[in-house]
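Structure record follows, encoded as structure tokens.
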Amino acid sequence: MSKRKTNQIRPTTIRPFATNAPGSVVIEMGQTRVLCTASIAADPPRWIKRDEQGNPVHGWVSAEYAMLPGSTPDRKRRGNDGRSTEIQRLIGRVLRAAVDMNKMPGLAITCDCDVLSADGGTRTAAITGAYVALAQAIAAARKQGRITTNPILGPVGAVSVGIVDGKAYLDLDYPLDVRAEVDMNVAMNHKGEFIEVQGTGEQGTFSREQLDTLLDLAGKGIKQLMKIQRGALKA
């Protein structure tokens, strides 16, 4: 059983990790570790809308997610599955809420989130870490003159919450997650607005009062994570 208080996030760090991508960090939340990189495409997707001169009128942010073979006690097979596809779509949607794509015309960035070690909350950790990598890549693009204005609207972050043994918990690790009666993933922006809420009564139902408690708990946790994000970007 976790020794944390029910309203505490796990010890969390976001640190640089050297790769060839312009944005690259490792986020650690307890024993969950995710490598997040952000790469700039040489050419934007062909489907991006263009003006009369053929120039792209907006940019794009997408994401890919994978659990590496050694991330779990039993070897995780390589290759996409339904779960990975759903998670990477979630990550992409949340990251796009962090930018004004009209201010990054023609700039296409892919954020890759590779889980090195899984102990619950991998998708939410991936979102929180990928935002930092995305911000690094955008800073690099501005320095290179690929875009002239900063498209970032503000940080985005995510955390898991749930009900375990009738109590509301913040940031579920694996032992809590497998026992949760209610499991929820919450993504928010810097204004405290919700981007996505995924909630399931895994082993029961939950009331409106419990839902409000979980959302408030997630909001407090995400505020803490955004402080860590800002610190990582200043480092």
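Just so it is clear, none of the values below were taken in a lab; they were calculated from the coordinates. Here the structure is a predicted model, which is why all the values come from computation and not from measurement. Glycine also receives a Cβ, built like all others from the backbone with ideal geometry; neighbour counts cover every protein chain displayed.
Against the longest alpha carbon principal axis of the chain, how many degrees, from 0 to 90 and to the nearest 10, is the axis of helix 82-96 turned?
The two axes meet at around 60 degrees.
Can you figure out the FRET efficiency of residue 55 with residue 200, using R₀ = 45 Å and their beta-carbon distance, to the nearest 0.05?
0.55
Pick out which of 110, 32, 213 has the largest mean-square fluctuation in a Gaussian network model of the chain, springs linking Cα atoms closer than 10 Å.
Most flexible of the set in this elastic network: 213.
Can you list the equivalent-ellipsoid semi-axes of region 1-87, largest first and in whole Å, using the square root of 5 times each Cα gyration tensor eigenvalue?
Computed over region 1-87, the values are 34, 17, 14 Å.
Of 191, 220, 103, which has the largest mean-square fluctuation in a 10 Å C-alpha GNM of the chain?
191
Please identify the GluC sites (Glu not before Pro) of region 47-115 that satisfy two criteria: DSSP loop assignment and at most 10 other Cβ atoms within 10 Å. Which are they?
Qualifying residues, ordered by number: 52.
Would you mind calculating the gained length between residue 144 and residue 6 on full extension (0.36 nm times residue separation, minus the Cα-Cα distance), in nm to one decimal?
Full-extension gain reported as 45.2 nm.
What's the magnitude of the charge dipole for region 12-234 around its Cα centre, counting Lys and Arg as +1 and Asp and Glu as -1 at the beta-carbon? Answer in Debye, nearest 20. The partial results should precede the final answer.
Values: 27 positive and 24 negative charges, 183 e Å.
So the dipole magnitude of region 12-234 works out to roughly 880 debye.
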